[in-house]
Structure formats: C-alpha cells, structure tokens
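Reviewing the structure listed below.
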Amino acid sequence: MMMVMILMMVKMMVVMGSLVLAVGLWLRLEQDTVALLGSDGAPENFFIGVYILIVAGGLVMLVGFFGCCGAVRESQCLLGSFFACLLIIFGAEVAAGVFGFLNKEKIIQDIQTFYSESAKDANGNNTLIVSSYHRVVIRITKTLLFIIYSQIIGMIFSMVLCCAVRNSREVI
C-alpha cells in the first residue's frame with residue numbers, strides 16, 4: 001500500500017515537472033514574450049526567472065523518474081537517489097525563497113517600473129492601467145508564494161513517505 005502511495009505521488013511530481021518545464025519553454029520561445037522581455041527597458045531578471053523555471057521543471061521530472069523507477073522496482077538505491085534529490089531541491093527552494101524575501105522590494109520595484117514604463121509608452125500617462133498592473137503584480141507574487149509553499153510541503157511529505165518505506169523494509 002505504501003509503494004502505491006509513493007508511486008502516485010511520484011507520478012504527480014512528473015506531471016508537475018513537465019508542466020513547469022512546458023511553461024518555462026513557452027515563455028522562452030513564444031515570440032510576443034521574447035519581444036517584450038527582450039526590449040531595452042526590460043529588467044534582466046525576467047529571463048533568469050524563465051531559465052530557472054526550465055531547469056526546475058527538468059529537475060523535478062528527473063527526480064520523479066528516480067522515484068517512479070525506485071517505487072516500481074523497490075530499489076533502495078533509486079529511492080535513496082530520489083530522497084537525496086528531493087533534499088537538494090528543497091534546500092535550493094529554501095535558498096531561493098530567502099533570496100526572494102530579502103530582495104522583495106527591489107524585485108517588485110523593478111517589475112512595477114517596467115510595467116509602468118510599458119503602459120506609458122503604449123497609452124500615454126494612464127494611471128488606471130498602471131495601478132492595475134501594480135495590483136496584478138502583487139496578486140501574482142502572492143500566488144507564486146503559495147505555490148512555493150505547497151511544493152515545499154509536498155516535498156516534506158514525500159521525504160517522510162520515503163523514510164517510512166525505508167524503515168518498514170528494514171523491519172521485514
């Protein structure tokens with residue numbers, strides 16, 4: 001029963017990883033986004049975020065593959081690799097979260113400045129559009145923080161399940 005739970009959770013990780021990878025590739029390769037983010041006034045942090053999405057999606061898919069193979073074959077080596085990769089990704093997410101929290105004001109200011117200048121260039125000095133951009137940026141930031149929190153909780157849960165399977169195999 002425990003292996004079935006791990007297998008289902010790992011399949012969800014593979015699906016989530018492929019979705020993150022697809023969004024990252026779409027943002028990098030879609031012509032309108034490249035034209036917008038490649039302009040002179042765009043902050044350089046945008047493409048860095050897109051590359052991080054691509055790498056994170058690929059890593060989550062790889063980790064999911066280790067976990068899926070480990071659960072199906074009941075291999076302690078693959079499950080150990082799965083656990084080690086989860087631990088590394090968890091540490092990287094915590095580090096990224098701390099970095100984002102410490103530089104929150106500068107990141108929000110860069111994004112708001114970029115969108116304010118884009119709105120002024122497109123529509124003159126329209127304060128309604130600028131203020132709506134600021135509200136959207138704040139909502140998106142809160143949503144992303146919720147997603148990060150959910151992924152961290154999911155990784156902790158999967159680490160606990162992996163340890164439980166490992167301990168139950170030692171008892172047998």
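The values are calculated or read from the model by the stated rules, or taken from the named source; none is laboratory data. In this text, all values refer to a predicted model and were calculated from it rather than measured experimentally. Here the Cβ is made from the backbone with ideal geometry for all residues, glycine too, and neighbour counts use every protein chain on show.
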Original post:
Has the stretch 84-98 got any residue that is among the hydrophobic types (A, V, I, L, M, F, W, C), at pLDDT below 75 and either outside any helix (DSSP H, G or I) or surrounded by 14 or more Cβ atoms within 10 Å (Cβ to Cβ) (or both)?
Top reply: yes
**OP:** Assess whether Leu53 counts as being closer than 17 Å to Ile148 by Cα, at pLDDT 75 or above, surrounded by fewer than 18 Cβ atoms within 10 Å (Cβ to Cβ) and touching a helix residue (DSSP H, G or I) at 6+ places or on another chain (Cβ under 9 Å).
**Re:** no
Subject >> Criterion: modelled with pLDDT under 75, acidic (Asp, Glu) and part of a helix (DSSP H, G or I) - qualifying residue of Asp32, Asp40 >> reply: Asp32
Subject >> Flag if Glu74 is over 18 Å from the mean Cα position of the chain (by Cα) and exposed (fewer than 13 other Cβ atoms within 10 Å of the Cβ) >> reply: yes
